[in-house]
Amino acid sequence: MTEFSKQLSKIEIQDLLTLLLVGQLGSFRQAAENLDVRQSTISRRVGKLEDALGVSLFDRRSTGVQLTNAGLIIFEQFNEIRTNFDAAVLTAQHAGISDTGALRVAIAVSIAGGAARQVVKRFREEHPAVNLDFVEADCPTALKMLNHREVDVAMICGDQPTGNYDTLPVKRDRVLVAVPCTSSLAKRNELRWGNIRKEDFIVSVSSPLLLGH
């Protein structure tokens, strides 16, 4: 590392922000009051910048300070960098809360109606700038994709999955049981698990299907 690089490595972001504030206010004293620090702290930060860059950034006057030609160049360049950075952070934050950008959703076509369809419709109404990209998958595959960050959202049917997931119940449906018409159970309008705990069941060997989250 060259000596110049070593000097630049000593510059902190707070030093550059102090440069912007002093340049805007034209006063070390006002900058210190604005940041609620001592004026000597402002002078030390500016002095450190000047030592690292090897140039004078401000002309000191009895009425305040004024940017030198070199100081003006640094001021304008860093101000542009900060503006671009602020815009980038804002864009990222909007994307993080799904205001803009794209959302990858794992979904099973067989359950794409009902409550799921209403959720998607409502989301599109409230976030028109978000592009929804749907992927068809069963529940295990969808959760695997979610773990690998291949999708952003997965809504599943069945019990709440175990693991490090943020979940939100959308709808709870009753379970339907088919019994022979000759069975005493067929005469009931509603069954509880206790009524059928001794019965033999035929169930699907596959896991519940998935929708999107």
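The values are calculated or read from the model by the stated rules, or taken from the named source; none is laboratory data. Because the structure is predicted, anything quoted here is derived from the model rather than measured. With ideal geometry, Cβ positions are generated from the backbone for all residues, glycine too; neighbour counts draw on all protein chains shown.
Descriptive notes on the structure:
- R60 being more than 21 Å from K10 (Cα to Cα), in a helix (DSSP H, G or I) and of a type in the set (K, R): no
- Test: E50 is free of Cβ contacts under 8 Å to residues at least 12 places away in the same chain, assigned by TED's automatic domain parsing to the domain that holds I13, within 17 Å of L21 (Cα to Cα) and surrounded by 14 or more Cβ atoms within 10 Å (Cβ to Cβ): yes
For (1) under 19 Å from E76 (Cα atoms); (2) in contact with a strand residue (DSSP E or B) (Cβ under 8 Å, 6 or more places away or on another chain); (3) at pLDDT 90 or above, each residue gets a yes or a no:
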position	(1), (2), (3)
Q7	no, no, no
E12	yes, no, no
G23	yes, yes, yes
N34	no, no, yes
R38	no, no, yes
G47	yes, no, yes
